[in-house]
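Undergrad: Can you keep this structure in mind? I'll have questions shortly.
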Amino acid sequence: MTENHETIDALSHENRRFPPSADFSLSAHVSDGGLHDEAAADLEAFWARQASELISWQQPWSKVLEWDLPYAKWFVDGKLNVAENCLDRHVKAGFGDKVAIYWEGEPGDTRTITYAELLAEVEQFSNVLKNLGVTKGDRVNIYLPMVPEAAVAMLACARIGAPHSVVFGGFSSQSLIDRINDAEAKVLITADGGYRRGEVFPLKPAADEAVAQTPSIEHVVVVERGGNEVDMVEGRDHWYHDLMAAADASCPPEAMDSEDLLFLLYTSGTTGKPKGIMHTTGGYLTHVAYTHRNVFDLHRDRDVYWCTADVGWITGHSYIVYGPLANGATQVMYEGVPNHPGNDRFWEIVEKYKVTIFYTAPTAIRTFMKWGADEPAKHDLSSLRLLGTVGEPINPEAWMWYHEHIGGGRCPIVDTWWQTETGGIMISPLPGYTTTKPGSATFALPGVDIAVVDDGGNEVDGGGGYLTLTRPWPGMLRGIWGDPQRFVETYWSRFDGSYFAGDGARLDDDGYLWLLGRVDDVMNVSGHRISTTEVESALVSHPSVAEAAVVGANDPTTGQAIFAYVTLRGGHDVDVATLRDHVAAEIGAIAKPKAIFFTPDLPKTRSGKIMRRLLRDVAEGRNLGDTTTLADASVVDELQRRASEAPSED
Ligand code: WTA
């Protein structure tokens, strides 16, 4: 990058505004700026109030925060148990018969699990783990499909104080090996297989391959789900249902220190080995309960909440398991893909369970756009009252489509920015209070302090820059497992005294935040730093475009040139020149892509993020690096074929 521009040039403009309806605000938990004022007046007192109102403690803390940069301790000396907070206390309060999980299997089989039933299952499975020799502090690996046993396993670990490390079921045996060995886990919990797109995908064979190379694993617990043939190794492998039948029913929750490790969750950076992000107990639970309640405006007496993430990601940890259950929510958990048996499966589920709050990823929304508005139109979605997004910047046109075709024009949308490392949501509208703008995550939540800074770390009061977090927050990562040096280097060394999230952001004239993606996704075209997100949003604002990925490729004249990969909406056609002109009209000639390639699909990671590194390799004609984290490797072959055909610059 050249040095003549201090920040990222912010080029796009969005003037549509959506204030909350009076009706929504009337019953919302937050409908004014009171929380913001309270947090601004005294951050520690603010979080202490959340911790005491939302969480039950076995022993009160002696100090709210101990901050020795970059090491934070929250609710020092406090004792609590996360599973007790998510289960026992609701049952004791008379909510035992309330549904915790409406589980929907992909083939259409269902299970309804009340809080009392979930507690019973968790207590019994806690005893299973104890019988296998798991004690407080031992790590347990979980490699499961989206079945209720995934939540049971996590909560049982929390109950006995054994940190879990969940590995997404779509990952290969090699990923599993690396993560098990790094954590030195003692027990692996897996399944025979799970359902995906109408077929059983086997998990146990991958687990077997892994366990052959993970000396720390002593026992493997196998949940029966797929019904596929599996090999069971005598003495090492055990069926979940056999162990459950032999285990005692009652298991009191362990008293955990507020700073005891609750879980590890591995994130893969673009390079290097995955990082085991460490989350602890009291602060994390406070953060996810607070954000789940206020960002989603959760009313447990009437809401049916559905987060479509997998439990293998942080979104599944914080907003399927811990946040919603701590708040006593009723939620839907779905096993499969959105297009089985038809492209309307999600909308069928919303209608069936009368879902009121729906939380998904922009990549899914753009896929729904591609499939067309007829799919949601087949169903009665009038139960919905709030929509959310997470994982990537949402393009304004995708936001509008979501608002109109899923939300029926009446549901506020919360665009929630956060990371595996932050533990919980950091930037988001408060739906009964904040006026939203399509594509903007709006403001930091009460209790969260951020600054957008330039290269020198100076706060900018408008325009683009780097997003930093300037004060500790309860859900923050406490470190990288086994690698304290990397923790400091990765997050705390770029800007003095602040956490640098790796994302670019822009502040508009009204102080709204616009996330610009990872800063490595910033292009430099003739000395202008242009965010890939903005060009993508400009492309997606064309009525024929469903999805776009933009990268900067080396260019002898302009430094970098903009290459765009575009997926069209079903039944639409448009030419390259029209799209280039459209981008020029939307954000300026400087942002006109040099080349545009049409493609039926974009290369994505399994969590749905576009793999720009690969697209840059394609654009620069390089051999492709590591493609193992791709969800569908054939997409790249197709792109390479198209890229080797005539370039489309006019
Ligand atoms: C991106 C997911 C823009 C961002 C919870 C972040 C977002 C990374 C948003 C973390 C959003 C997440 N708007 N970008 N609303 N939410 N991101 O660890 O680049 O899987 O740094 O956590 O996703 O991804 P992770």
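Undergrad: With runs of 4+ DSSP H residues as the only contributors, calculate the mean residue ellipticity of the chain at 222 nm using -39,500 (n - 2.57) per run, divided by the residue total and rounded to the nearest 500. Mind showing how you got there, number by number?
TA: Numbers: 19 runs with 178 residues, N = 650.
Mean residue ellipticity, 222 nm, calculated: -8000 deg cm²/dmol.
Undergrad: Determine, at each q value in 0.14, 0.16, 0.20 (inverse angstroms), the log₁₀ of I(q)/I(0) that the Debye formula gives when each Cα of segment 9-140 is one equal point scatterer.
TA: Values returned for q = 0.14, 0.16, 0.20 Å⁻¹ are -1.05, -1.13, -1.20.
Undergrad: Same structure again: Given a cut-off of 19 Å, name the pairs among Lys352/Lys609; Lys98/Lys354; Lys370/Lys609; Lys136/Lys204; Lys63/Lys92 whose C-alpha atoms lie farther apart than that in the structure shown.
TA: On the way: Lys352/Lys609 29 Å; Lys98/Lys354 16 Å; Lys370/Lys609 17 Å; Lys136/Lys204 26 Å; Lys63/Lys92 28 Å.
Listed pairs above 19 Å: Lys352/Lys609; Lys136/Lys204; Lys63/Lys92.
Undergrad: Restricting to DSSP loop positions (anything but H, G, I, E, B) with no more than 13 other Cβ atoms inside 10 Å of their own Cβ, which GluC sites (Glu not before Pro) remain in segment 189-281? Present the calculation step by step, with values, prior to reporting the outcome.
TA: Values: sites: Glu199, Glu209, Glu218, Glu224, Glu229, Glu234, Glu254, Glu259; in loops: Glu218, Glu224, Glu229, Glu234, Glu254, Glu259.
Sites meeting the loop and neighbour criteria: Glu229, Glu234.
Undergrad: Any lysines with Cα under 22 Å of the Lys130 Cα? List them, leaving off those in the same chain fewer than 8 positions away.
TA: Hits, sequence-local ones excluded: Lys79, Lys186.
Undergrad: Which of the chymotrypsin sites (Phe, Trp or Tyr not before Pro) across segment 37-132 are loop residues per DSSP, with 14 or fewer other Cβ within 10 Å? Each step should come with its number before you reach the end.
TA: On the way: sites: Phe46, Trp47, Trp57, Trp61, Trp67, Tyr71, Trp74, Phe75, Phe95, Tyr102, Trp103, Tyr115, Phe125; in loops: Trp57, Trp61.
Listed in order of number, the matching sites amount to none.
Undergrad: Hey, got a sec? Which trypsin sites (Lys or Arg not before Pro) in segment 532-640 land in a DSSP loop and have at most 12 other Cβ atoms within 10 Å? Working shown, then result.
TA: Values: sites: Arg569, Arg580, Lys594, Lys604, Arg606, Lys609, Arg612, Arg613, Arg616, Arg622; in loops: Arg569, Lys594, Arg606, Lys609, Arg622.
Sparse-neighbourhood loop trypsin sites (Lys or Arg not before Pro): Arg622.
Undergrad: Measuring from label point to label point, each 7 Å out along Cα→Cβ, what is the Ala249 to Ser172 span in nm?
TA: My value for the distance between the label points is 4.7 nm.
Undergrad: Please figure out what share of the DSSP beta bridges in segment 520-645 is antiparallel and state it in percent, rounded to the nearest 5. Kindly include the intermediate steps, with their values, before the conclusion.
TA: Working: 17 of 21 bridges.
The antiparallel proportion sits near 80 percent.
Undergrad: May I ask you to work out the translational diffusion coefficient for the chain at 20 °C, viscosity 1.002 mPa s, via Stokes-Einstein with Rh from the Kirkwood sum over Cα pairs, reported in whole µm²/s?
TA: In µm²/s, the coefficient rounds to 85.
Read the figures in this text as sums done on the coordinates, not as results from a lab. Predicted model only: the values in this text are computed from it and were never measured. Counting neighbours? That spans all protein chains shown, and the Cβs are built from the backbone with ideal geometry, glycine included.
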